[in-house]
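The values are calculated or read from the model by the stated rules, or taken from the named source; none is laboratory data. Model, not experiment: these values are computed from the prediction. Methodologically, a virtual Cβ is constructed for each residue, glycine included, from the backbone with ideal geometry; neighbour enumeration extends over all protein chains shown.
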Amino acid sequence: MGPYGVLSWSESKALLEKRQHRIATLTAERDELKNRVKLLDPDHVDPDMASELVRKNLNVARPDEYVIQLDKMR
């Protein structure tokens, strides 16, 4: 009984698991963003990343190209 009783413990355990899952998700997203930032380093830009961003933001493609956009699965 009380704030540290058995019922409270199971609720706390469920909340902990939920938050650990959220932390893992956010860590993966952060790592992906860190990698993209690294590829856009002003002193040494990755050509593939630059090409991807230019094509995406300016909506450009060569006449002989086909664009197939794939959605990320989460």
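Pairing each residue of the range 13-35 that is closer than 30 Å to residue 45 by Cβ and β-branched (Val, Ile, Thr) with any residue that is at pLDDT below 95 and assigned to a helix (DSSP H, G or I), provided the two are 6+ apart or on different chains, yields no C-beta distance under 7 Å. Filtered by the rule that a residue be surrounded by 10 or more Cβ atoms within 10 Å (Cβ to Cβ), touching a helix residue (DSSP H, G or I) at 6+ places or on another chain (Cβ under 9 Å) and not β-branched (Val, Ile, Thr), the range 16-74 gives 36, 39, 40, 46, 49, 50, 61. From the residues in the range 37-58 that are in a loop (DSSP other than H, G, I, E, B) and acidic (Asp, Glu), which one is nearest to residue 70 (Cα to Cα)? Going through the qualifying residues, I end up with 46. Being over 19 Å from the mean Cα position of the chain (by Cα) and of a type in the set (A, V, I, L, M) holds for only one residue in 61, 28, 24, and it is 61.
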